[in-house]
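Here's the structure, in structure tokens; my notes come after.
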Amino acid sequence: LIQHILFNFTLWNKSNFHVRLLHLQYILKVIKEEKNFDRDKFGIQFFLDILKQHFNTTKGDKEEQRELREIIYEIIKYFFQNHTSMKDLNALLSTISVLSVLNDEITYELLEFIVGLLNPTSTFHEQIIDFLCESNMIEGLYSLLVVNNLSSRTKEIILKIMKCFIG
């Protein structure tokens, strides 16, 4: 039932903005409160796929779209805070790579999300840096610098992330 209704974003995306906002807020609440939540099925990769499929559009109000994405980022952050894995970070970087040629704004937001994960006050700061220092991760970030349609603002945040490896 949960999979067919609550996590059916094709269905929910037909609703107006306020219903969609409440839907995402409810999902966040369920994830935080439900101890037996199926993170394997509805985890970081699932929400990154939802982001690519349903929130990578120029249709509709840009501010409303950004607000909806912010809740998805909050869900993903909650997952990272409770369990950080190389697989999840790799999924995040893969999504950034795919979106980098399609949507500069979402690419920037996801890179900004990584900067938030790298905040020295976070409990998993060192683990994120260790994962990002793996060769395929650094190469993935570096390759974003040569993507032609990314703004200088987005490329600056990539350099900001890479600076964390040095300092």
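Key figures
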quantity	calculated
Cα-based shape type of the range 2-166, given that a ≥ b ≥ c are square roots of the gyration tensor eigenvalues and the cut on a/c is 1.5	oblate
The chain: calculated mean residue ellipticity at 222 nm from DSSP helix runs of at least 4, using -39500 (n - 2.57)	-21500 deg cm²/dmol
FRET E, pair Asp49, Glu156, Förster distance 25 Å, beta-carbon r, rounded to 0.05	0.35
Highest to lowest packing among 103-113, 15-25, scored as the average C-beta count within 10 Å	103-113, 15-25
Cβ charges +1 (Lys, Arg) and -1 (Asp, Glu), total dipole of the range 59-162, debye	160
Distance between modelled label sites at His83 and Lys163, nm, 7 Å Cα→Cβ extension	3.5
Relative frequency of Cα-Cα separations exceeding 18 Å in the range 12-78, percent	33
Extreme residue, positive dipole direction of the chain, given options Leu48, Thr154, Gln65 (C-beta unit charges)	Gln65
Spatially proximal aspartates and glutamates relative to Lys41 (Cα-Cα < 14 Å; intrachain offsets below 8 disregarded)	Asp49, Asp88
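Bear in mind these aren't lab numbers, they're just calculated from the coordinates by the rules spelled out. What you are looking at is a predicted structure, and each value in this text was computed from that prediction instead of being measured. Every residue, glycine as well, gets a Cβ built from its backbone with ideal geometry; the counts of neighbours run over all protein chains shown.
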